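What follows draws every value from the coordinates through simple rules; no lab data is involved. All values derive from a computational prediction rather than experimental measurement. Here the Cβ is made from the backbone with ideal geometry for all residues, glycine too, and neighbour counts use every protein chain on show.
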Amino acid sequence: MDIEEIRRHLPHRYPFLLVDRVVEVTAGESIVAYKNLSVNEQFFNGHFPEQPIFPGVLLLEAMAQAAGILGFYSQGKTNEDGSTYYFAGADDVRFKRPCVPGDQVMLRASILSSRRGIWKFAVSSDVDGELAASATILCADR
């Protein structure tokens, strides 16, 4: 999926759209996407000026956005259908390495379960094959 297709599946827009491209998606199973980090991103101005690091909460959000795309795609829905995914929870969140300008952060999500509009995903991110973060998240389809 290119950026236009991603925008059809997510309501997020600049500066909060954190998925640049989807490289692989299998409905009902998994997704692989990425976020390219540029030093020009607004958050790097204050986090931190002398040593810019992608904020962990934004990394978690990027993984959740990839999971949201997977959920929409798996149901054959788009944001244009009036459906929205809300981030409902995160468990077992672990940050293993900082992500910095110049990194291409790979975002991975797989569906663990789906019941009554509540989706559970295993998510992770890595840079050059090195784990950056992982979590189990819940999203609510409304």
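Some observations on this one:
- Over the chain, Cα pairs under 8 Å with separation of 6+ residues give a relative contact order of 26 percent.
- Approximate shape of region 1-112 as ellipsoid semi-axes (Cα gyration tensor, √5λ), whole Å, largest first: 25, 15, 13
- Hits among lysines - C-alpha to C-alpha of Lys35 under 19 Å, sequence gap 8 or more where chains match: Lys96
- For Lys120, the aspartates and glutamates whose Cα falls under 17 Å of its own Cα, not counting residues fewer than eight places away in the same chain, are Glu29, Glu61, Asp91, Asp92, Asp141.
- If you plug the beta carbon distance of Ala140 and Gln51 into 1/(1 + (r/R0)^6) with R0 = 35 Å, you get a FRET efficiency near 0.45.
- Orientation-averaged projection of region 72-142 equals 5.7 nm² [convex hull of Cα atoms, one quarter of hull surface area].
- Cut-off 11 Å, label 7 Å out along Cα→Cβ of Phe16, residues of region 62-105 by amide N: 87
- When peptides 7-18, 43-54, 130-141 are sorted by average Cβ neighbour count within 10 Å, with the highest value leading, the order is 130-141, 7-18, 43-54.
- If you take all other residues with their beta carbon under 11 Å from the beta carbon of Ala122, and give Lys and Arg +1 and Asp and Glu -1, the sum is 0.
- Between amide H atoms placed 1.01 Å from N, distances below 5 Å from Cys99 occur with Phe54, all of them 5 or more places distant or on a separate chain.
- Projected label points at Thr26 and Val39, each 7 Å from Cα along the beta carbon direction, are separated by 4.0 nanometres.
- Charge tally in the Cβ shell below 13 Å around Val100, where Lys, Arg are +1 and Asp, Glu are -1, Val100 excluded: -3
- Pairwise label distance in nanometres, Ala90 with Ile118, each label 7 Å out on the Cα-Cβ vector: 1.9 nm
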